[in-house]
Amino acid sequence: MSQLTLLQDRIQVLIDEARDIGEAFWDFVSSARVSKVRSLRPKSALDSVLEEVDGEKRPEFYDDWGWAPTHEQHEQQRSIISRYEVWFNASSALIYQYLPHRWDDFAIPYPYIKDILECNNTMHHAAGKRFDGQYRVQQHRRLTQIFDRQVDIVLSVPEVVRTRALRLQKLIGVDIISADLDRAERQLDVKGTIRDAIIRAAGVIATVALEKFLKLVADEYNSRRTSEQEAIDYTDEDGILEMAGKLGQVNLLEHTELAIFKQLDTTHQNCVHPPGGDINEPTDTDIALLIQKAREYVNMEFFE
């Protein structure tokens, strides 16, 4: 199992736990006992201003209600707070390691979420009216709105790791591919009775190097694509001609470039098969062109 897969599994556990914490908190606030902590509080100056803004009359007096959980409900609340602490600490380690530039965005909501879970706030209600459930819903919505910001940051970790891995893979791959092309080019200078075999080997090396690069481009496209875009599917057996066609289908290569790849593929076939029929002996010029074109594509920017 790859490190990325292990990371994805770990994050899925954290996401499931976040969902369970939210559901547990709703179970708590939907049934927790409340009591009136203050009666007949006059409406504030802000209420008067809001009346002028929205034209909605506010009550002259309010009752303030507070959370007053039973012992059993208080134990339930403590369990939820403890689970959130564990979740935050586990998630913090991932954010600090993989998304340090988002650390503040992740950490800032922490005290607000703790305050919501501890239910330290009071709820204002029109005096003389019985406390109703809308404030329970509002308390849960406050948690969801802030908690979701943290969860979304955690969800982004695997994609960041995947992108970094692909970028590193491409950098390493391009270095190896360039070294292979250098080796193929040096073989053009070989003299002697085995020159024909060396020339063929140079063509094969250059073709395989170009094929590897086109597959790296396909991998990067797949990592960047939106949900509406289809992925580029390829197999180990796909050569440069097949890969060029697939990159052309997603507009990473011009259709006119397919003719170039047909020519390069013909050179490759000449290198791997003995002369006869449609197969000709590859020339220095053919191999030099193959290496040159391979270098051009390796140095080409396929993405902005």
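Read-outs: derived from the displayed coordinates by stated rules, not from any lab. This structure is a prediction, so every number in the text was calculated from the model and none was measured. Cβ coordinates were reconstructed from backbone atoms using ideal geometry, including for glycine residues, and neighbour counts include every protein chain displayed.
Assorted remarks:
- Percentage relative contact order, the chain, counting C-alpha pairs under 8 Å, at least six apart: 16 percent
- Simple point charges give the picture: +1 on the Cβ of Lys and Arg, -1 on the Cβ of Asp and Glu, and for segment 201-304 a dipole about the Cα centre of about 160 debye.
- Protection proxy ranking of 139-150, 287-298 - average other beta-carbon atoms within 10 Å, highest first: 287-298, 139-150
- The angle between the Cα long axis of helix 71-98 and the longest principal axis of the Cα atoms of the chain comes to about 30 degrees, rounded to the nearest 10.
- Tail fraction, Cα-Cα pairs, the chain, threshold 29 Å, whole percent: 60 percent
- Span per principal axis, largest first, for the Cα atoms of segment 158-298 (Å): 54, 29, 22
- Rounded to the nearest 10 degrees, the inclination of helix 258-272 to the longest alpha-carbon principal axis of the chain is 60 degrees.
- 20 Å Cα-Cα reach of Lys114 towards aspartates and glutamates, excluding residues that sit fewer than 8 places from it in its own chain: Asp16, Glu17, Asp20, Glu23, Asp27, Glu72, Glu75, Glu85, Asp104, Asp105, Asp148, Asp152
- A simple spin-label model places the labels of Glu301 and Gln8 3.1 nm from each other, with each point 7 Å out along Cα-to-Cβ.
- Chain lengthening between Glu228 and Ala107 when straightened (0.36 nm per residue, less Cα-Cα): 40.3 nm
- Straight-line reach from Lys57: taking Cα to Cα under 19 Å and skipping same-chain neighbours fewer than 8 places apart, the lysines in range are Lys43, Lys129.
- Cβ crowding within 10 Å, taken as a proxy for footprinting-reagent exposure, orders Phe213, Phe88, Phe303 from fewest neighbours to most as Phe303, Phe88, Phe213.
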